[in-house]
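The next block holds one structure in the form of structure tokens; read it before the comments.
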Amino acid sequence: MNIDRAINIEDLHQIAKRKLPRVIFDYIEGGVEDERGLARNEAAFHKHRLLPRYLVDVSKRDQSATVFGRTYASPFGISPTGGVGLYRREGEVMLAEAAAAANIPYIMSGGSNASMEEAARVAPNNVWFQLYAAKDGNITDALIGRARDAGLGALVLTVDVPVHPKRERNLRSGFVRVRSGDVLESLKLKPSILLEAITHPAWVIEYVRLGGAPSLGNWAPHAGNGASTADVIKFGRGQTPASAQTWRDLERYRRLFPRALVVKGILNPADAVRAAEIGVDGIIVSNHGGRQLDQAPASLDALPAIKAAVGDKVTVMLDSGVRRGADILIAFCLGAQFVFFGRPTLYGAVAGGPPGVKKVIDIFRGEIDLVMGQIGCPSLDQLGPDFLWRDDWMQNR
Amino acid sequence: MRIDQAVNIEDLHRMAKRRLPKIAFDFIEGGLEDERGLETNTSAFHKHRLLPRYLVDVSNRDQTKTIFGQTFASPFGISPTGGTSLFRDGADLMLAEAAREANIPYIMSGASNASIEAAAKIAPKNHWYQLYAARDHAINADLIKRTADAGLGALVLTVDTPVGAKRERNIRNGFANVRGGLFQALSLKPSILAEALTHPGWIVEYFRRGGGTPMLQNWQPYAPAGSDAEAVYKHSSSLRPFNAQTWRDLESYRKLFPRALVVKGIMSRADVLRALDVGCDGILVSNHGGRQLDQAPGSLDVLPAIKAAVGDKLTLLLDSGVRRGGDILIALCLGADFCFMGRPTLYGAAAGGLPGVKKAIDIFVNEIDLVMGQIGCPSLDQLSPDFLWRDDWARNV
């Protein structure tokens with residue numbers, strides 16, 4: 001299938017799957033342990049039904065949404081996904097450019113291959129930076145300083161990686177070798193994995209031509225002069241996860257970053273309240289796309305209690321499991337003020353480069369527009385629990 | 001796959017399945033009747049979700065746990081599993097050795113092939129004995145005395161085998177013939193024998209051991225002098241199950257055993273309270289891995305009511321369905337002090353002998369360590385129902 005003919009995210013998912021060696025695709029696709037969390041995330045949306053209202057004038061539908069004082073053209077943005085350059089060279093720059101063109105936010109991953117400065121150059125008003133804190137607090141502070149100096153609109157601290165998770169697909173495939181930054185390491189993969197990879201020659205040729213995995217652009221300046229790609233990757237891996245990080249550190253980040261500070265990965269209402277007390281501007285309710293704790297609740301399930309706990313004191317956003325425009329509207333009904341997704345735009349980037357990313361954004365935008373019309377909701381501020389069906393209404397009374 | 005490539009218990013399970021003839025593997029694997037209980041047990045854990053707390057310093061994580069005055073390195077131990085030499089010659093002592101190395105408790109089965117005294121020599125501090133009472137009180141008194149004299153930390157009375165269970169796989173396979181001598185084993189159905197021949201590693205071990213059923217060394221002293229393994233097995237099974245055993249008998253065991261007395265297999269609150277009255281030290285909440293009553297509830301499901309009934313007056317242990325480190329943490333949140341598992345270490349023993357058992361233990365240790373880090377719980381005494389998600393929180397509020 002050509003990306004022009006893709007009609008939904010699943011189509012792009014299938015195209016992307018064909019383009020990548022399994023060892024690479026599995027890294028995008030996988031969860032942790034038994035991967036129950038992946039199905040749980042999507043099922044959380046499918047549990048909900050939207051209850052339409054008709055005979056409402058929906059000839060004009062406005063899906064713009066404002067967060068942190070800035071109005072975006074749609075109520076969604078691109079979640080941070082690490083190492084995009086490994087799937088598609090210059091992938092992060094593509095995401096940033098597509099976000100700028102569509103006027104939506106793009107959260108650059110702390111584990112990205114391009115640097116935040118490069119992204120800020122192509123999309124000065126649309127890039128946010130996601131921070132994986134370093135074990136060395138001075139490096140963390142320097143990263144925050146760079147995000148501030150690059151003029152990025154928001155700093156997003158990911159808190160749900162206190163330990164490296166047990167992603168069993170990667171353990172089995174030997175993915176870490178592919179990402180080591182040394183092309184010769186990849187040759188130590190199991191023969192069956194190498195053979196499968198060779199059936200994706202375009203990717204393999206590009207990988208070998210460019211000397212293996214790309215560097216980590218945000219970590220490179222801190223890894224010392226003359227550090228090779230492999231050195232930078234080893235350095236970045238060695239500095240994370242910052243398992244000793246606590247709320248005291250968040251207080252410091254708050255003092256260091258003058259614009260919107262967002263905490264990503266919160267599932268516990270008590271944590272949300274604590275973040276609000278520290279003065280963060282927003283939280284992203286997230287279980288990291290089911291990639292950190294297989295026993296975690298779905299972020300959509302966690303949303304109502306978190307919204308009830310913090311009310312309007314912080315901007316409540318969400319990711320994990322969003323695959324349709326309607327998913328975004330359901331999250332809004334339950335209290336979300338903005339929604340993110342990570343895998344869909346990666347599928348787009350892999351499947352078709354910049355036009356693929358644009359296609360993904362267009363698909364979501366088109367689906368949101370139609371469902372808003374279908375349920376009789378011409379603007380997002382009208383969304384609320386009243387648009388959601390409740391299962392107990394089915395009971396005979 | 002090699003043992004060192006196994007990333008989870010399911011890998012060891014598959015390796016054990018390949019190595020063993022179906023007739024032997026089915027004995028490990030089977031439940032009874034329709035085997036609904038097997039699914040009841042594992043799904044009892046999957047119903048729960050863990051609610052993480054972040055920005056907690058988890059750089060040092062402590063999974064040690066103290067029960068009956070002894071500190072173990074992890075909050076789990078090895079449940080009793082009978083007749084293990086049929087799956088791996090010498091498995092009982094491998095389990096004991098691996099338990100000592102990992103500093104966790106090993107409960108020797110009343111139907112073990114090695115003796116109490118042999119395991120006590122290998123693992124003097126990590127060895128408990130599980131009693132299947134005989135119809136002859138003198139034998140019970142002697143087994144208890146031997147347990148006490150060998151210095152074992154706990155005696156575990158299994159009460160959930162008042163009758164033999166209808167394990168349909170064993171009936172169909174003719175497993176009872178394996179309990180006879182070599183010639184009786186040769187009278188198995190040709191299809192069963194032919195399938196067994198496709199597992200040459202096991203066949204070689206079977207003949208090297210001399211064929212036939214392995215000796216029940218604990219019961220050997222009570223059989224007529226000069227009895228061979230088949231005769232000892234027949235003698236032992238003529239004395240069991242002790243279906244006339246009552247609480248009065250438990251009282252007598254209590255008087256005979258000076259250290260921790262644990263009752264295994266209790267599922268009802270009333271029985272737990274009665275065990276407390278008798279002066280037991282602990283209860284192992286268990287449905288015998290789904291092998292005794294297909295209609296039994298999951299042991300995890302009955303745990304909260306039992307915890308509510310006895311509070312801290314008894315040490316609460318649990319087995320049946322534990323396959324992931326996260327399962328153990330969930331049980332601890334619901335009030336268990338300690339968990340046990342039987343099949344996982346047996347898979348390890350069957351798949352790879354002592355290194356296989358060690359691998360199974362390592363997998364649990366590592367999974368517990370990562371999930372403790374991931375949920376923000378650096379020490380086990382912090383676990384409580386607060387770490388468990390409640391489904392009603394997902395309700396639209």
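The values are calculated or read from the model by the stated rules, or taken from the named source; none is laboratory data. Owing to the predicted nature of the structure, the values given are computational and were not obtained by experimental measurement. When we count neighbours, we look across all protein chains shown, and the Cβ atoms used for this are built from the backbone with ideal geometry, even at glycine.
Quick look at the values:
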item: Count of residues meeting criterion [buried (at least 21 other Cβ atoms within 10 Å of the Cβ) and either more than 11 Å from chain B (Cβ to nearest Cβ) or of a type in the set (A, V, I, L, M) (or both)] in segment A:262-271; result: 4
item: Some residue of segment A:336-345 being touching a residue at least 12 places away in the same chain (Cβ under 8 Å), farther than 13 Å from A:VAL285 by Cβ and charged (D, E, K, R); result: yes
item: Matching residues in segment A:277-308 - criterion: being closer than 11 Å to A:ASP160 by Cβ and facing chain B (nearest Cβ under 8 Å); result: A:GLN292, A:LEU293, A:ALA296
item: Pick from segment B:23-60, criterion among the β-branched types (Val, Ile, Thr) and within 11 Å of another protein chain (Cβ to nearest Cβ), ranking: farthest from B:TRP393 (Cα to Cα); result: B:VAL58
item: Test: residue in segment A:175-190 that is assigned to a loop (DSSP other than H, G, I, E, B), within 13 Å of chain B (Cβ to nearest Cβ) and of a type outside the set (D, E, K, R); result: no
item: Candidates A:ALA120, A:ALA100, A:ALA147, A:ALA142 - the one that is in a helix (DSSP H, G or I) and either touching a His at 6+ places or on another chain (Cβ under 9 Å) or at pLDDT below 95 (or both); result: A:ALA142
item: Unique match (being surrounded by 23 or more Cβ atoms within 10 Å (Cβ to Cβ), within 14 Å of chain A (Cβ to nearest Cβ) and not charged (D, E, K, R)) among B:MET372, B:MET341; result: B:MET372
item: Residues that are among the charged types (D, E, K, R) and facing chain B (nearest Cβ under 7 Å), drawn from segment A:160-174; result: A:ASP160, A:LYS166, A:GLU168, A:ARG172
item: Failed item in (1) within 14 Å of another protein chain (Cβ to nearest Cβ); (2) more than 19 Å from the chain's Cα centre (by Cα), with A:ASP141 passing the rest; result: (1)
item: Set B:ARG209, B:ARG169, B:ARG135, B:ARG146: member being in contact with a Phe, Trp or Tyr (Cβ under 6 Å, 6 or more places away or on another chain) and charged (D, E, K, R); result: B:ARG135
item: Single unsatisfied condition, A:ASN41 versus (1) closer than 23 Å to A:GLU196 by Cα; (2) under 24 Å from the mean Cα position of the chain (by Cα); (3) among the polar types (S, T, N, Q); result: (1)
item: Residue ranges of strands (runs of 3 or more DSSP E) in segment B:51-94 with at least 1 members surrounded by fewer than 17 Cβ atoms within 10 Å (Cβ to Cβ) and at negative phi; result: B:65-67, B:70-72
item: Residue match in segment B:345-361 (condition: more than 30 Å from B:ASP277 (Cα to Cα), facing chain A (nearest Cβ under 9 Å) and either in contact with a helix residue (DSSP H, G or I) (Cβ under 6 Å, 6 or more places away or on another chain) or of a type in the set (Asp, Glu) (or both)); result: no
item: Any hit, segment B:2-10, residues being of a type in the set (D, E, K, R), in contact (Cβ under 8 Å) with a residue 40 or more places away in the chain and away from every other protein chain (no Cβ under 14 Å); result: no
item: Boolean, A:VAL314 is under 21 Å from the mean Cα position of the chain (by Cα), more than 10 Å from chain B (Cβ to nearest Cβ) and not polar (S, T, N, Q); result: yes
item: Members of segment B:377-397 found to be more than 7 Å from chain A (Cβ to nearest Cβ) and either in a helix (DSSP H, G or I) or crowded, with 17+ Cβ neighbours inside 10 Å (or both), listed by number; result: B:CYS377, B:PRO378, B:LEU380, B:ASP381, B:GLN382, B:LEU383, B:PRO385, B:ASP386, B:PHE387, B:LEU388, B:ASP391, B:ASP392
item: Sole residue being charged (D, E, K, R), more than 10 Å from chain B (Cβ to nearest Cβ) and touching a residue at least 12 places away in the same chain (Cβ under 8 Å), chosen from A:ARG259, A:ARG274; result: A:ARG259
item: Odd one out for A:GLU168, checked against (1) touching a residue at least 60 places away in the same chain (Cβ under 8 Å); (2) within 20 Å of A:HIS222 (Cβ to Cβ); result: (2)
item: Selection status of B:ILE328, within 14 Å of chain A (Cβ to nearest Cβ) and either at pLDDT 95 or above or in contact with a Ser or Thr (Cβ under 7 Å, 6 or more places away or on another chain) (or both); result: yes
item: Test result for A:ARG248, more than 20 Å from A:GLU29 (Cβ to Cβ), in contact with a strand residue (DSSP E or B) (Cβ under 9 Å, 6 or more places away or on another chain) and within 14 Å of chain B (Cβ to nearest Cβ); result: no
item: Residues within segment A:317-345 that are of a type outside the set (Asp, Glu) and either within 14 Å of another protein chain (Cβ to nearest Cβ) or assigned to a helix (DSSP H, G or I) (or both), tallied; result: 17
item: Residues that are of a type in the set (Lys, Arg) and over 21 Å from A:ASP327 (Cβ atoms), drawn from segment A:18-58; result: A:ARG18, A:LYS19, A:ARG22
item: When residues of segment A:223-245 are limited to those that are closer than 18 Å to B:VAL58 by Cα and surrounded by 21 or more Cβ atoms within 10 Å (Cβ to Cβ), the one nearest to the other protein chains (Cβ to nearest Cβ); result: A:GLN245
